[in-house]
């Protein structure tokens with residue numbers, strides 16, 4: 001059994017990672033589990049809900065430090081090393097604020113510890129207004145990948161995997177299979193893909209400034225909060241249709257965003273005073289004060305267009321549209337949970353429309369109306385928490401053996417899954433990502449069988465960096481379109497002598 005250290009035990013870890021590790025303990029795959037978090041962020045004993053009931057996690061508290069540091073402060077490193085040595089830690093779950101992912105991942109790799117890394121891989125304060133900070137998102141990936149390669153020379157079995165749960169979701173797996181099937185018969189890649197996600201998080205004007213958790217005050221927003229799921233899953237799906245001579249090697253990216261200043265124009269202070277009689281008494285800010293205070297805040301909504309290239313020609317057109325301020329079921333001025341992370345009327349609307357030339361169309365829909373945990377006798381009904389639908393259309397007149405239409409709902413996707421743990425839900429897919437990591441550590445899964453190893457994530461990091469580069473270039477008045485290398489593996493750096501010759 002492997003012993004785990006969870007770095008960062010906030011709401012996400014308590015909802016996802018800790019219950020999954022508790023299930024791993026019950027299955028004999030996980031030994032002890034302990035946590036690390038910042039002073040003031042949590043207590044020395046953190047409660048959470050596991051499958052078998054309430055549990056608590058012992059937590060070592062460390063001093064806060066600047067996320068811009070390239071390495072852990074000496075005191076923090078000593079505290080973590082003490083936990084690793086004292087408890088015989090084998091693996092680390094990094095579940096902190098994304099700006100800290102890199103520094104903890106580097107430390108773990110230097111110690112020879114395998115890592116389950118939350119998404120996004122990295123982000124930098126101000127990356128929606130500062131081009132250098134946006135560029136660093138991709139630089140971070142390449143540096144972490146090199147650190148991983150070096151660690152593998154010393155510790156051949158070490159593993160870094162990213163918890164990008166849609167790669168484990170039965171619906172997305174089936175869609176990639178459909179793409180590959182049609183490509184095998186036609187040599188046609190995916191020619192367009194439209195992705196949309198809204199989480200229905202209604203923030204009042206004062207909450208734009210006062211609530212930091214999954215907020216905008218660090219100079220980034222929606223594209224960093226949940227955007228990486230889509231920056232990752234879209235290239236993963238496109239890869240199912242790539243063939244020799246039709247590999248994607250570059251991408252043009254153009255992002256349009258709204259920021260808090262725009263949101264205050266859509267629904268401002270006076271609007272909220274009319275909508276909620278108690279808002280005026282609660283809100284301490286004028287609209288002018290809010291606009292001034294949030295000027296350098298990150299994006300609230302982001303609509304991003306892509307042109308995926310192969311040898312200079314456009315192979316696939318795409319959009320990834322990400323919405324914080326979409327349809328919501330929040331109806332009260334005072335939120336039920338102070339951080340707005342879960343509940344408070346948040347409902348998920350997600351869809352993907354994929355075209356594969358004249359041969360195939362795939363439509364994915366997950367549409368909730370109320371996400372309050374209310375049980376239902378019909379979990380496939382439109383608007384239920386578990387509603388999901390994949391529509392598959394094929395050109396049966398071109399291939400008479402193809403079915404012209406198939407519909408895959410919750411039940412069909414469950415039946416097609418290889419285990420009960422692979423239900424077509426985000427929660428189940430997160431659990432499956434953790435179980436794959438545990439299976440590798442236990443010797444039950446090979447490196448080649450891993451679905452989300454760090455080495456496969458450069459394209460996702462590229463799209464995220466490109467989205468922020470487009471935002472920053474618009475902010476400073478430059479061209480809004482940015483072209484980036486989109487090859488799956490990074491271009492090797494030239495040798496020192498070659499760099500000198502190139503300069504000459």
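Across region 229-349, Cα-Cα pairs farther apart than 22 Å form 54% of the total.
Would you kindly give the portion of the calculated P(r) for the chain that falls above 45 Å, as a percent of all Cα pairs? Could the numbers behind the result be given before it?
Working: 14821 of 126756 pairs.
In whole percent, the long-distance tail amounts to 12.
A convex hull fitted to the Cα coordinates of region 50-131 yields 136 cubic angstrom per residue.
What whole-number distance in Å separates the alpha-carbon centres of region 182-237 and region 273-299? Comparing the Cα centres of region 182-237 and region 273-299, I get a distance of 26 Å. Where q = 0.11, 0.20 Å⁻¹, what log10 of I(q)/I(0) comes from the Debye formula for region 5-107, counting one point per Cα? For region 5-107, the Cα-only Debye profile gives -0.31, -1.04. Dividing the summed helix terms, -39500 (n - 2.57) for each DSSP H run of n ≥ 4, by the number of residues in the chain produces a 222 nm estimate of -10000 deg cm²/dmol to the nearest 500. Over region 259-321, the fraction of Cα-Cα pairs per 5 Å bin, rounded to whole percents and listed from the shortest bin up, is 4, 15, 17, 15, 11, 9, 7, 8, 6, 5, 3, 1.
Just the Kirkwood number for region 80-180, please: inverse of mean 1/r across all distinct Cα pairs, in Å, one decimal. Could you put the intermediate results ahead of the total?
Working: mean 1/r = 0.0657 Å⁻¹.
Computed over Cα pairs of region 80-180, the Kirkwood hydrodynamic radius comes out at 15.2 Å.
Please list, short to long, the whole-number percent of alpha-carbon pairs of region 153-290 in consecutive 5 angstrom bins beginning at zero. Pair shares across the bins are 2, 7, 13, 14, 12, 12, 10, 9, 8, 6, 4, 3, 1, 0.
Can you tell me how much longer the chain between residue 132 and residue 369 gets when fully stretched, taken as 0.36 nm per residue apart minus their C-alpha distance, in nm with one decimal?
81.3 nm
Note on residue 404 and residue 483: with the Förster distance fixed at 35 Å, the Cβ-Cβ geometry gives a FRET efficiency of about 0.35. When restricted to Cα atoms, region 298-342 yields an Rg and a Dmax of 17.7, 54 Å, respectively. For the modelled label position 7 Å from the Cα of residue 246 along Cα-to-Cβ, which residues of region 155-180 have backbone nitrogen atoms closer than 18 Å? Taking a point 7 Å out along Cα→Cβ of residue 246, the residues of region 155-180 whose backbone N falls under 18 Å are 175-180. In this calculation the C-beta distance from residue 282 to residue 45 is compared with R0 = 41 Å, giving a FRET efficiency of 0.80.
In region 1-63 the Cα-Cα distances spread across 5 Å bins starting at 0 as 4, 20, 32, 25, 13, 5, 1 percent of all pairs.
Look at where the Cα atoms of region 3-33 and of region 134-154 average out, and the two centres are 26 Å apart.
Bear in mind that the values in this text are calculations on the coordinates, not laboratory data. All values reported here derive from a predicted model rather than from experimental measurement. Neighbour counts run over all protein chains shown; Cβ positions are idealised from the backbone, glycine included.
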